[in-house]
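Nothing in this text is a laboratory measurement; each read-out follows from the coordinates by a stated rule. These numbers were taken from a predicted model, which means no experiment stands behind them. Cβ sites come from the backbone with ideal geometry, for glycine too, and all protein chains shown count toward neighbours.
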Amino acid sequence: MKFSIRKLIAVLFLAAAAGGGWYWYGHRGATAETKYRLDKVERGLIQAVVVASGTLNAVTTVQVGSQVSGQILEILADFNSQVKKDQVIARIDPQSFELRVNQTRADVDASKSAVGVAQSNHAAQRAELSRVKVNLADAERDMNRKKVLVEKNFISPAELDKAKTVFDATREQQRAVEAQIMVAQSQVGSAEAAVKQRESLLKQAQVDLERTIIRAPVDGTVILRNVDAGQTVAASLQAPVLFTIARDLRDMQVEAAIDEADVGRLRVEQAASFTVDAFPRRSFSGQIRQIRKSPVNVQNVISYTVVISAANPDQSLLPGMTANVRVVVDSRDQALKVANAALRYRPAGAADAKPAAAAPAGAASAAQQFRERAFAELKPDESQKVKLEQIFDDIRQKMAQLRDMPKDGDRRKLGERLRSESHARVMEVLTEAQKPAYERLLAESGGARTGGAAAAGRVWVLDEKRQPKAVEVRTGLTDGTSTELMPGPLKEDDEVILGTGQAPTGAAKKSGPTGPRMF
């Protein structure tokens, strides 16, 4: 029993010693000196880039279909076949169409025979009319002769009445023959119309027979074949697609989906570059050919299709490849820039501080200076000045509200949208002569910031006591990694805090440095 009590006391003592050691070790690591990861403010190239993905397609793609139904008798083109315009690429069994042609040709011959019969009847009626006219003339002479004889009392009046009756009957017979001639003439016209109708049916049958031969409509390359020999195609309301021909694979285009927040910064003929997964180390160049105004809504996300040219002289690019598009919308040489991690960093206890609470006076003064310079150089009239003041005040208020947003990504996206909308509103107010001058002012004052107001930001530096100190800055362009700093308190080679890391003792030695704090 004594041995068990001693053993229990020893176990409790060891547990207490281990707990105390663990507490001392953790407390020592927690109170170690905080280390900061620093980076220098530097000068260099910074570019504002719009990045998107798209699909490579031929500039002109023609779908070759069939306008008649039947069984595919022969296939004369395959995938990747080079074809010329009007070249035969497939045939449909023509037997039923040949029989229809023969039938309609026989109908045409029968109709022409009917025309001959009608014309013969018409000629017979005209001959009958001539005979009746002769009889009518003879009856008229007989009637006139007997009239003279009656006046001289050589014959009785009854003979004269009989002659008049013959004359009247012959005259009515003439009228009946004339009506029959008109009927015969109409029959001739009807027979001739029937001939034209049969000839039209013959031509339609011949066209259908010709359509059994499928020809290439353009010069190009067959990129898709949907049928095989022996397969039956049915052309009903929609022609079945037999082949797809790309007109010229040496000249292709990228159809990229650009977010609505970025499309306002793109212009036609703007330079662009892209890469494809098949050639990861090769960059292809092109130009924006078209910005389509039709919106595409995918799960309440609006995008616009932008068409970018893609020269393909060696035909290494293939239709359907996914292109990673990059468009440089603005650029600064030798710009003062800082890493984006410095703008995101917040020391412990300062996470709730908002840069907008202590917005630098330089931001407001820069906006006012831009307005004054814009009014001085653009020389707007009174109505333009009122509208521009309203636009500048509106963007200033919205940008001030934007600084209170917690997420950097959403804030940047909404900021770009606000600047694009304001830029479009300003352009609507200005005349064609004022627009180039305004674009130049934007480029000289910070480029992409409509209204001349740069965004406010905050970075942290170490003071003399090696403690974090907030510095308010104004930011310009960003490339996603670095952000341009407008003239202010920071200079080249100044050090800013990117994040913290514990001294390599205790628990910090195992966990390593912590990442930068996010908004």
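For this structure, a couple of remarks:
- If you plug the beta carbon distance of Ala348 and Asp259 into 1/(1 + (r/R0)^6) with R0 = 41 Å, you get a FRET efficiency near 0.70.
- Taking a point 7 Å out from the Cα of Arg247 in the direction of its Cβ, the residues of the range 206-236 whose backbone N falls within less than 19 Å of it are 215-224.
- What the phi angles of the range 171-181 give under the Karplus curve with 6.51, -1.76 and 1.60, with θ = phi - 60°, is a coupling list of 5, 5, 5, 4, 4, 5, 5, 4, 5, 5, 5 Hz, glycine and proline written as x.
- The relative contact order of the range 110-269 comes to 24 percent, based on Cα pairs under 8 Å that sit 6 or more residues apart.
- Between Glu269 and Thr232, full extension at 0.36 nm per residue minus the direct alpha carbon distance yields a gain of 8.6 nm.
- Unit charges at the beta carbon, dipole of the range 200-321: most positive-side option, Ala234, Met321, Ala311: Ala311
- Shown is the FRET efficiency for Ala278 and Lys35, computed with R0 = 60 Å from the Cβ-Cβ distance and rounded to the nearest 0.05: 0.85.
- Length-normalised contact order for the range 21-178 - Cα pairs under 8 Å, 6+ apart - percent: 16
- Orientation-averaged projected area, Cα convex hull of the range 124-270 (nm²): 23.5
- Extension gain for Ser316-Gln368 works out to 13.4 nm (0.36 nm per residue, less the C-alpha to C-alpha distance).
- Each other residue within a Cβ distance under 15 Å of Lys469 adds +1 if Lys or Arg and -1 if Asp or Glu, for a net charge of -1.
- Between Thr55 and Thr431, the contour length at 0.36 nm per residue exceeds the Cα-Cα span by 131.6 nm.
- Estimated FRET transfer efficiency (Gln299, Lys112; beta-carbon r; R0 56 Å; 0.05): 0.25
- Simple spin-label estimate for Met182 and Glu492 in nanometres, 7 Å along Cα-Cβ: 10.7
- Simple spin-label estimate for Leu462 and Glu210 gives 8.7 nm between the two label positions (7 Å along the Cα-to-Cβ direction from each Cα).
- Sequence-separation-based contact order of the range 127-176, relative, with Cα cut under 8 Å and 6+ spacing, percent: 49
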